[in-house]
1. Per the Kirkwood definition applied to all pairs of different Cα atoms, how many angstroms is the hydrodynamic radius of segment 160-224?
2. Taking only protein heavy atoms into account and a 1.4 Å probe, give the accessible area per residue of segment 193-325 in Å².
3. How big is segment 92-187 by the Kirkwood estimate over distinct Cα pairs, in Å?
4. Given N residues in segment 193-271, what is Rg(Cα) / (2.2 N^0.38 Å)?
5. How many nm is it between the label spots at Asn86 and Leu228, if each spot is 7 Å from the Cα in line with the beta carbon?
6. What percentage of the solvent-accessible surface of segment 107-165, computed with a 1.4 Å probe over protein heavy atoms, is contributed by carbon and sulfur atoms?
7. Using packing as a proxy for protection, rank 327-337, 417-427 so that the peptide with the highest average count of other Cβ atoms within 10 Å comes first.
8. If r is the Cβ-Cβ distance from Ala67 to Asp272 and R0 is 45 Å, what FRET efficiency results, to the nearest 0.05?
Amino acid sequence: MNKLIIAAIGGISGGVLLSTQVAGPLIAQEDRANASVYEQLDLFGDIFERIRANYVEDVDEAALIEAAINGMLTSLDPHSSYLPPNDFDDMQVQTRGEFGGLGIEVTQEDGFVRVITPMDDTPAMEAGVEAGDFITHVDGEALLGLTLEEAVDLMRGPVGSEIVITIVREGEDEPFDITIIRDRIRLTAVRARLEGNTAILRVSTFNDQTYPNLREGLEEQIEEVGGLGNLNGVVLDLRNNPGGLLSQAIRVSDAFLEQGEIVSTRGRDPEDGERYNATPGDLIEGLPLVVLVNGGSASASEIVAGALQDHRRAVVVGTNSFGKGSVQSVMPLAGDGAMRLTTSLYYTPSGRSIQALGIAPDILVEQREPVVTEEEEEGTGPRRNEASLRGAIQNSTLSEDELRQLEEEQAIAEATARLRNEDYQLAYAIDILTGLNALGPRGN
């Protein structure tokens, strides 16, 4: 009994000793860390006061504080930033699909401003700005050393005003200038059209209009082709789509999936993770689907491409996507401003993080520049074949209906050849769908 009491006392005393030796230093270390933070805040206050008192010119105190806040956020990553009231208002308008500017999505890379993508039918795209371009100067003023927000502010201006941006582009020996007239940007989130019996859904951004536009556009194309049974399939074109709302990426993915995970997000605390799953219902009832991506496809575009690829619901064609795998939360602040803070990374259904890696296509297809053929230059007729030879035996066994069908097939072939020259990646995607349909009737 005495041995048990001694053992118990020894255990208690050992526990007390351990707690004083381990917990004590930890508490002291935490106190020192807190003291260090307060010392740094005191240092900030001291510097702020010295600037106010001693700088060569009067300073805007509010601008100083704003710059300090923005500097703190932008030091974290290229996508975290402070949004003053005006910028916050602009961002809210942009998610509704209309705003003023050049029509480019940009990021910052090693201090330089890089174009993620020019948006469809905007001044930037019409002026020839391309994904991957670096903007070094705006109206002759260098952007190196500015924050991304400061650089963007330089590019803003009244609708109708002129701006000259200096571009450095891979493959060009020298920088060159592009003149752009600012305009009000009205984004049509989704444009739908038919190429033969294939529906092309061009998704240019993910804003509040994206899923409704996609559904309505697809329904119109299905009606035009005479019903879903007459459709070869769908090409979902996400090229040069810089992303947007996570909620819309989930809805667009869900439009073609019956079940399973679409995307998951994971933050610093595992308990804060979110998982988003598909609901029953496929707008095209299992018809073949091809997704087009390129280096300008970012963020929400990559969520959609990754979900459809992992579920083997679509063939992803094109070139590697941009690789933005982070989620930003916009948090309103006092004074009507807000802060955009990276709070989590997103993962595709298979558990892939695409951060800095991007979505690798199933079939790598580089875009080709259009080529003007000799026939187009000279305005000559169709290529030579047996029927064009002098004295060739003509096929007299064809009925009028067969001749008409032959002419229609020839017209389709010529249209396909033109599309292949104008947009090789899109033509390749349509070829895939045509080949899948040529294998025979689809099973139920």
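The values are calculated or read from the model by the stated rules, or taken from the named source; none is laboratory data. Small disclaimer: the values here were computed from a predicted structure and weren't measured. Ideal geometry is used to build each Cβ from the backbone, glycine not excepted, and the neighbour counts take in all protein chains shown. Heads up: the accessible areas ignore ligands, DNA and RNA and are worked out on the full protein's heavy atoms, side chains in. Shrake-Rupley method; radii C 1.70, N 1.55, O 1.52, S 1.80 Å.
1. 14.9
2. Normalised by residue count, the accessible surface of segment 193-325 is 38 Å².
3. 13.4
4. 1.29
5. 5.0
6. 51
7. Those peptides, ordered most packed to least, come out 417-427, 327-337.
8. It comes out at approximately 0.90.
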